[in-house]
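Remarks on the structure that follows.
The values are calculated or read from the model by the stated rules, or taken from the named source; none is laboratory data. All values reported here derive from a predicted model rather than from experimental measurement. Here the Cβ is made from the backbone with ideal geometry for all residues, glycine too, and neighbour counts use every protein chain on show.
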């Protein structure tokens with residue numbers, strides 16, 4: 001998902017694909033479009049790096065899933081109370097989105113174009129991740145740190161409100177990613 | 001956007017298109033798919049009712065926009081304080097989504113496939129609508145009913161969190177649309 005620095009040719013292809021999948025959608029993006037952006041003639045040499053468009057989608061979806069799990073694990077590794085742990089998890093999740101907007105578009109929207117069995121495998125990992133958020137929220141409810149009455153509804157709201165940030169967050173805006181993530185975390189936690 | 005009752009042939013076509021645009025996306029839906037669902041032979045007779053696929057998209061986008069504006073107007077017509085007015089506006093907005101999930105998919109996602117000048121016209125009306133929500137929120141902030149420090153960030157969060165409901169709301173679920181809308185409104189208002 002990296003777009004800068006000393007990246008491999010495959011990383012560069014993936015970065016271009018992420019951006020195009022986000023801007024135009026997976027279906028409307030051709031291997032030729034990706035090759036054109038890479039200044040590769042005809043698109044033929046793309047296939048030296050990747051088997052096809054769906055392999056790119058799959059690779060991006062997996063990298064995004066890995067990034068969300070890694071961020072959540074780091075946030076939860078700190079010894080703290082349920083409220084602080086949920087706050088850290090929310091901020092970590094939001095920062096994965098702001099740092100990887102293209103991959104987030106695949107993780108949240110374009111994954112639908114994966115074919116089986118990849119589609120089911122992706123959904124299973126995403127469900128496991130969302131389940132961890134629900135467990136964090138339930139721990140807060142149990143500790144009396146949270147007024148939400150319905151854990152499932154509160155989790156759906158929390159996740160969808162966090163994930164909706166991908167639609168409006170602008171990098172290089174007036175506020176830094178960290179500032180936006182912290183403000184949003186406060187609004188979400190107050191709401192819960 | 002109606003899907004039941006004594007509806008015209010065009011309304012029926014629109015209802016089928018809404019569902020297909022939501023389930024498969026606009027690009028992946030053909031006029032033939034719509035005709036097949038309508039049990040119309042070949043798709044030719046569809047053109048007696050509608051000029052083409054983009055006209056359906058445009059018609060659905062406009063109906064959705066009209067529904068959001070009408071709901072907001074009704075909610076704001078009641079004489080009340082800024083907090084109560086914002087709460088009514090949030091619930092009204094959420095109920096438009098729950099009642100018109102297919103049209104909501106067009107309003108929030110598939111409108112991107114409109115061509116100019118329709119695309120710009122759609123965006124201008126949507127921006128005007130969102131501006132009205134920001135004004136409601138600013139009135140709450142002015143009245144001291146709201147802790148949010150940044151009106152723009154709070155509006156983006158509010159709108160995107162409300163709109164994200166289209167991804168997880170299930171009609172005929174455990175809770176009614178009204179119950180979900182009220183719970184969500186409480187979480188959002190507490191958060192702001």
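Only one entry in A:137, A:184 is more than 7 Å from chain B (Cβ to nearest Cβ), on the phi < 0 side of the Ramachandran plot and either surrounded by fewer than 18 Cβ atoms within 10 Å (Cβ to Cβ) or in contact (Cβ under 8 Å) with a residue 12 or more places away in the chain (or both), namely A:137. Hey, does the stretch B:58-81 have a residue that's outside any helix (DSSP H, G or I), at pLDDT below 95 and crowded, with 20+ Cβ neighbours inside 10 Å? No, the stretch B:58-81 contains no residue that is outside any helix (DSSP H, G or I), at pLDDT below 95 and crowded, with 20+ Cβ neighbours inside 10 Å.
Restricting the stretch A:160-172 to residues that are more than 8 Å from chain B (Cβ to nearest Cβ) and either crowded, with 21+ Cβ neighbours inside 10 Å or in contact with a helix residue (DSSP H, G or I) (Cβ under 8 Å, 6 or more places away or on another chain) (or both), which is farthest from residue A:99 (Cα to Cα)?
A:162
Just one of the numbered conditions (1) within 13 Å of another protein chain (Cβ to nearest Cβ); (2) surrounded by fewer than 21 Cβ atoms within 10 Å (Cβ to Cβ); (3) at pLDDT 95 or above is not true of residue A:121: (1). Quick one: would you say residue A:156 is without any contact (Cβ under 8 Å) to a residue 40 or more places away in the chain and at the interface with chain B (Cβ under 8 Å from one of its Cβ atoms)? The answer is yes for residue A:156.
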